[in-house]
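Okay, structure first, notes after.
The values are calculated or read from the model by the stated rules, or taken from the named source; none is laboratory data. No experiment lies behind these values; they were computed from the predicted model shown. Backbone-built Cβ (ideal geometry, glycine too); neighbour counts: all protein chains shown. With ligands, DNA and RNA removed, areas are computed over all heavy atoms of the protein, side chains included. Shrake-Rupley method; radii C 1.70, N 1.55, O 1.52, S 1.80 Å.
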Amino acid sequence: MTAPLWLRPRGPLQPSCPRCHVKIGHVHHEWCSVARCLATGGQRTGHDEACPCTEDIWSGRWPGAAECFEFGWTYGDDGLPDLNRLMATATWDPVAHRWIQPLHQNTTVEEESR
Ligand SMILES: [Zn+2]
Ligand SMILES: [Zn+2]
């Protein structure tokens, strides 16, 4: 399986959203599963109706991919962004609209608390 160009660290930008096809700089359609809730970083389609977040725009890259490359969280020969790790361990900054790296990456901490 070949990774889409917009998942690569230095590939060209994807001119339109792969799901709802809006152009770069435009707001995703309401049903688009690529759009992020800018209050939580989760999928916009799953956020509460009363959520006060502003609308998400398509940037030309998959949401969170840039942070994965910045943190060095990639997998496979292609160096694809490890978005699952990002969702699981990074913290969403609702002001900066980006993921921030956890202060300590000791993954054994959670197991010790059991
Ligand atoms: Zn979209
Ligand atoms: Zn929201």
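State yes or no: is Asn106 farther than 23 Å from Cys17 by Cβ, of a type outside the set (Lys, Arg) and either at pLDDT 95 or above or open to solvent by 40 Å² or more (accessible area, probe 1.4 Å) (or both)?
It is true that Asn106 is farther than 23 Å from Cys17 by Cβ, of a type outside the set (Lys, Arg) and either at pLDDT 95 or above or open to solvent by 40 Å² or more (accessible area, probe 1.4 Å) (or both).
Does Gln14 satisfy the condition of being out of contact with any strand residue (DSSP E or B) (no Cβ under 6 Å at 6 or more places or on another chain) and either touching a residue at least 60 places away in the same chain (Cβ under 8 Å) or closer than 23 Å to Gln101 by Cα (or both)?
no
With the condition kept exactly as written, say whether any residue in the stretch 44-53 is within 16 Å of ligand 2 (Cβ to nearest atom) and modelled with pLDDT under 90.
Looking for residues that are within 16 Å of ligand 2 (Cβ to nearest atom) and modelled with pLDDT under 90, one finds at least one in the stretch 44-53, hence yes.
Do you know which residues across the stretch 56-65 are at pLDDT below 95 and either farther than 20 Å from Ile100 by Cβ or within 16 Å of ligand 2 (Cβ to nearest atom) (or both)?
Gly60, Pro63, Gly64
Of everything in the stretch 20-67, what is more than 9 Å from ligand 1 (Cβ to nearest atom), of a type in the set (A, V, I, L, M), in a loop (DSSP other than H, G, I, E, B) and in contact (Cβ under 8 Å) with a residue 24 or more places away in the chain? Give them in sequence order.
Of everything in the stretch 20-67, those that are more than 9 Å from ligand 1 (Cβ to nearest atom), of a type in the set (A, V, I, L, M), in a loop (DSSP other than H, G, I, E, B) and in contact (Cβ under 8 Å) with a residue 24 or more places away in the chain turn out to be Ile24, Leu38, Ala39.
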